[in-house]
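Okay, structure first, notes after.
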Amino acid sequence: PGRARRLLLSQLFQPLNLQAGGEAGWEGRPGEPLCRSQKLMLQGGLIHPASPGCYYYLPPTVRAMEKLVKVMDEEMQAVGGQKLNMPSLSSAELWRASGRWEQMGPELFRLADRHGKRYCLGPTHEEVVTELVAAHSNLSYKQLPLRLYQVTRKFRDEPKPRFGLLRGREFYMKDMYTFDASEEAARRTYDLVCDAYCNLFDRLGLPFVKVRAATGSIGGTVSHEFQLPADVGEDRLVLCPDGHFAANVETLNGEQTSCPTCGEKLTQTRGIEVGHTFYLGTKYSSISNAVFLSPENKPQLAEMGCYGLGVTRILAASIEVLSKEDSIRWPSLIAPYQLCFIPPKRGSKEEEGAALLEQAYDDLAEALPHLAGDSVLDDRTQLTIGKRLKDANKLGYPYVVIAGKRVCEDPPVFEVWNQNTGEVLFLTKEGVIELMSKVQVP
């Protein structure tokens, strides 16, 4: 209760390594390529290597991730999603029944408990969720569609983890599993969830493409990937310049060079896969006998779909595609902190402006309580404003408020940098509050 406590940069656990080249720990292995997002996240104190493909996510990254999950929750709940949580430990019997214990090969992290019972750490949860729904045998068609989703850690024993959070062994994913009464209804659900994914990427301001994709080890008959075009992407994509056609190269028969709709020459690019959708039919429901009672009171197999979004991968991929070489740019909606306040250097002639800036910080927190935890005060007043502005630029705060030369005017005027547009405004305290009132946080 009472006033929001000021967040002081000197007390945030974000060990900045802005001078170094990020060649730390596991990243320093000779010849291993570093991509932009990985380098920026290491330098900015956003992640810290633990072991190959596993990272500590530091507090600013967790803040960004929690915001991203909130946006995902909004989109999933808008299409009738219900959030649950399933165990990471999954019994070998379930995976043997679906044939994936063998099919997934060394990608599964396998382990045995003290009784010799075999398990894997879930890379995905089709078997588990279908077993859950099958256990409720009195399900009626009136309770469908069921759209169940979770946000959890997933585990894949990648042969070559690389590029930081883009290709890890332990990562966060949002996965949704849907159960419908007919193929027609399941395909409507498929379109609905794909639209929700498009909406999510639009809200984040990310330049995505939805492409036709292979179904791989998940199975099913229809599949799309959501890709962010980027040089470090592992997928090769072909796109129609007019937007009629887009596909992952692995789905094409032979060398398709022109658009099947308009005949234009297809362009090639590389992409980072950030989402994947599958229409599964009854592949899994038939194994676990996940049935519902039809209007005629007959048991009928549920038609399924599954839908994944890489939470930590979206964070890294958005930094990859939006940032400059030496400074992070976040999707504004999910930046860890929206605002950085920079008081004058200690001992400078503007030093009296420090109290005015702190007052502006407190007044903003009071006027816009939703931004109270989103403002940081860079209290390293032994450093020049220029040095701290440079750091703020590298860390990608969308807005920076500086007590510069004009802070001693009457009324005091602050220098406000909009990092995403590169625009600099000179505003009174009221002007700053008005500008920030338009800022959205999830």
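The values are calculated or read from the model by the stated rules, or taken from the named source; none is laboratory data. Owing to the predicted nature of the structure, the values given are computational and were not obtained by experimental measurement. Methodologically, a virtual Cβ is constructed for each residue, glycine included, from the backbone with ideal geometry; neighbour enumeration extends over all protein chains shown. Note: areas computed on protein heavy atoms with side chains; ligands, DNA, RNA excluded. Shrake-Rupley method; radii C 1.70, N 1.55, O 1.52, S 1.80 Å.
A few notes on this one:
- Pairs, first within 19 Å of residue 83 (Cβ to Cβ) in region 130-151, second among the aromatic types (Phe, Trp, Tyr) and open to solvent by 20 Å² or more (accessible area, probe 1.4 Å), C-beta under 9 Å, six or more apart: 151/172
- Scanning region 146-160 for residues that are surrounded by fewer than 19 Cβ atoms within 10 Å (Cβ to Cβ) and part of a loop (DSSP other than H, G, I, E, B) gives 157, 158, 159, 160.
- Qualifying residues in region 429-442 (those that are within 16 Å of residue 365 (Cα to Cα) and assigned to a loop (DSSP other than H, G, I, E, B)) - the one farthest from the chain's Cα centre (by Cα): 437
- Among (1) touching a residue at least 60 places away in the same chain (Cβ under 8 Å); (2) not assigned by the TED database to the domain that holds residue 411 - the single one residue 297 does not satisfy: (1)
- Listed by position, the helices (runs of 4 or more DSSP H) enclosed by region 82-136 that each have at least 2 residues that are touching a helix residue (DSSP H, G or I) at 6+ places or on another chain (Cβ under 6 Å) and under 11 Å from residue 288 (Cα atoms) are 92-98, 126-134.
- Filtering region 396-419 to residues that are assigned to a helix (DSSP H, G or I) and in contact with a helix residue (DSSP H, G or I) (Cβ under 8 Å, 6 or more places away or on another chain) leaves 407, 408.
- The set of residues from region 370-395 being assigned to a helix (DSSP H, G or I) and more than 25 Å from the chain's Cα centre (by Cα) comprises 385, 386, 387, 388, 389, 390.
- Against the test of being modelled with pLDDT under 90 and either assigned by the TED database to the domain that holds residue 230 or not small (Gly, Ala, Ser) (or both), the options 49, 30 yield a single qualifying residue, 30.
- Residues located in region 223-264, provided they are open to solvent by 20 Å² or more (accessible area, probe 1.4 Å), closer than 30 Å to residue 38 by Cβ and in a strand (DSSP E or B): 224, 229, 235, 236, 239, 246
- Neighbours by Cβ (under 6 Å, 6+ apart or cross-chain): first from region 320-335, touching a residue at least 24 places away in the same chain (Cβ under 8 Å) and among the charged types (D, E, K, R); second open to solvent by 20 Å² or more (accessible area, probe 1.4 Å) and not in a loop (DSSP other than H, G, I, E, B): 320/36; 329/322
Rundown of residues vs (1) crowded, with 21+ Cβ neighbours inside 10 Å; (2) under 30 Å from residue 41 (Cβ atoms), yes/no style:
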site	(1), (2)
326	no, yes
359	no, no
372	no, yes
375	yes, yes
402	yes, yes
